[in-house]
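Below: one structure, written as structure tokens.
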Amino acid sequence: SLQKIKQKGTLVVGMSADYPPYEFTTKENGKTKYVGFEVSLAKQFAKDIGVRLVIKNMDFDSLLVALETGKIDAIISGMNVTNERKKSVDFSNTYYSGDSYFLINKGDKDKLVSAKSFNGKT
Ligand code: ARG
């Protein structure tokens with residue numbers, strides 16, 4: 001519960017950090033860093049509650065069991081609602097529909113064809 005999370009002072013979020021741009025890892029000075037918009041979201045949640053964030057990285061398929069057994073407090077991992085999953089866990093409201101796009105001017109249509117086109121050397 002929220003009260004328990006506040007008592008222990010940590011929010012333990014489970015995610016499978018293999019899913020850019022949701023959550024993934026980068027190396028910074030040899031240290032693994034969690035990044036992605038859901039990592040930002042998790043950080044903000046912890047901040048709002050006033051606790052420290054602990055991210056537990058695991059296989060996507062392990063997340064639900066980890067939540068059910070109390071190893072983690074929440075899942076933030078690009079997990080969609082399904083009737084099967086709803087049987088065991090409680091989903092929040094939608095915060096991201098996944099239907100988003102990268103837009104460019106029509107005139108650039110043939111110039112900017114892939115991510116590589118944006119390195120300034122087209
Ligand atoms: N959206 C898909 C699902 O809910 C896949 C999510 C995978 N997420 C991840 N962090 N690997 O099943």
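Results, tabulated for the structure shown:
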{"quantity": "Helix 37-49 vs. the chain, principal-axis angle (Cα, 0 to 90°, nearest 10)", "calculated": "40 degrees"}
{"quantity": "Over 17 Å [Cα-Cα, the chain], rounded percent", "calculated": "66 percent"}
{"quantity": "FRET E, pair Thr94, Glu68, Förster distance 22 Å, beta-carbon r, rounded to 0.05", "calculated": "0.50"}
{"quantity": "Sequence-distant residues sharing a close amide H with Val54 (under 5 Å, placed H)", "calculated": "Leu11, Val12, Val13"}
{"quantity": "Residue-count net charge about Asp59 - beta-carbon cut-off 14 Å; Lys, Arg +1, Asp, Glu -1", "calculated": "-1"}
{"quantity": "Residue (of Ser100, Ile5, Thr69) at the positive-pole extreme of the chain, dipole from beta-carbon charges", "calculated": "Ile5"}
{"quantity": "Longest exposed-site-free window of the chain, the sites being trypsin sites (Lys or Arg not before Pro) in a DSSP loop that have at most 12 other C-beta atoms within 10 Å", "calculated": "1-86"}
{"quantity": "Equivalent ellipsoid semi-axes - Cα gyration tensor, the range 27-87, angstrom", "calculated": "22, 15, 12"}
{"quantity": "Among beta bridges that DSSP assigns inside the chain, antiparallel share in %, nearest 5", "calculated": "45 percent"}
{"quantity": "Pairwise label distance in nanometres, Lys87 with Ala115, each label 7 Å out on the Cα-Cβ vector", "calculated": "3.7 nm"}
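Bear in mind that the values in this text are calculations on the coordinates, not laboratory data. This is a predicted model, so every value here is computed, not measured. Positions of Cβ are generated from backbone atoms using ideal geometry, with glycine treated the same way; all protein chains shown enter the neighbour counts.
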